[in-house]
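Sharing a structure with you now.
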Amino acid sequence: MRRPRRESAVSRSVIMGLDHIERLVSLIAGFVAVAMALALPFLIGKRYTVTVKATAKSCAAGYKLVGNLCEHTRPTVVSDWILRFVMILVIGLLLVMFALLRKRVGVAFVGLFLGLAIGTIGLPFLMLGGWLVIRALRLQKYGDATFAGSSIRAREIAKAKKEGRTLAPSTTKSAKGSKTTAPGTPKAPSASKRYTPKQRPRRR
């Protein structure tokens with residue numbers, strides 16, 4: 001038997017969008033990626049060392065044996081960085097564009113892709129993509145992207161389930177304490193503090 005689909009705690013637009021903090025972090029990551037790409041041309045002519053594992057304690061021509069490794073030092077040429085330069089520059093610009101458009105899926109995808117593509121130095125971009133995915137899951141399940149808020153909501157849901165009652169939808173608050181509502185949702189009218197007593201009908 002197919003299980004009924006669980007409704008999200010907040011609207012789809014909230015889950016798929018970026019809040020102020022997520023947008024700011026994504027923009028910073030995009031500018032860092034662009035800066036990394038623009039710094040690559042300055043490596044031309046710099047000497048770097050290529051290291052490979054030695055086989056039978058012998059190295060190929062141009063390499064020297066250092067311990068169990070074969071090392072070869074040579075200057076950097078254009079062909080060494082041109083593809084990486086284009087890739088990092090394009091992905092950095094995509095990060096900035098998706099951040100400006102508040103597209104969570106776009107930022108998470110290109111962040112994860114860049115992190116996997118450039119190796120160890122791409123760890124911050126991997127963390128960015130994973131962070132956005134985790135916050136989206138928290139929003140969908142609990143209606144709060146923060147760790148503290150989602151933990152409180154999870155305990156409330158568990159307690160209500162244990163007592164056999166239905167928990168009312170939460171009024172989600174962001175990191176700054178403002179309520180998270182879907183764009184275009186009308187505000188509820190505020191209760192009037194003025195009290196008007198009932199008037200008795202006049203006798204004729």
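We did not get these values from a lab; they are worked out from the coordinates using the rules stated. Model, not experiment: these values are computed from the prediction. Reconstructed Cβ throughout: ideal geometry from the backbone, glycine too, with neighbour counts over all protein chains shown.
Sort out which residues of segment 17-40 are outside any helix (DSSP H, G or I) and either hydrophobic (A, V, I, L, M, F, W, C) or under 26 Å from residue 77 (Cβ atoms) (or both), and write them in order of number.
18
Residue check, residue 36 against (1) surrounded by 12 or more Cβ atoms within 10 Å (Cβ to Cβ); (2) farther than 29 Å from residue 127 by Cβ, all met but one. Which one?
It is condition (2) that residue 36 fails.
When you scan segment 25-77, how many residues do you find that are closer than 30 Å to residue 110 by Cβ, of a type in the set (Val, Ile, Thr) and in contact with a Lys or Arg (Cβ under 9 Å, 6 or more places away or on another chain)?
Matching residues across segment 25-77 total 2.
Please identify the pairs in which a residue from segment 67-92 that is touching a residue at least 24 places away in the same chain (Cβ under 8 Å) has its Cβ atom under 7 Å from the Cβ atom of a residue that is outside any helix (DSSP H, G or I) and surrounded by 16 or more Cβ atoms within 10 Å (Cβ to Cβ), counting only partners at least 6 apart or on another chain.
88/118
Looking at segment 37-57, I want the residues that are in contact (Cβ under 8 Å) with a residue 12 or more places away in the chain and have a partner that is of a type in the set (A, V, I, L, M, F, W, C) and surrounded by fewer than 12 Cβ atoms within 10 Å (Cβ to Cβ) with Cβ atoms under 9 Å, at least 6 apart or on another chain. Which pairs are those?
41/78; 44/77; 44/78; 45/77; 52/60
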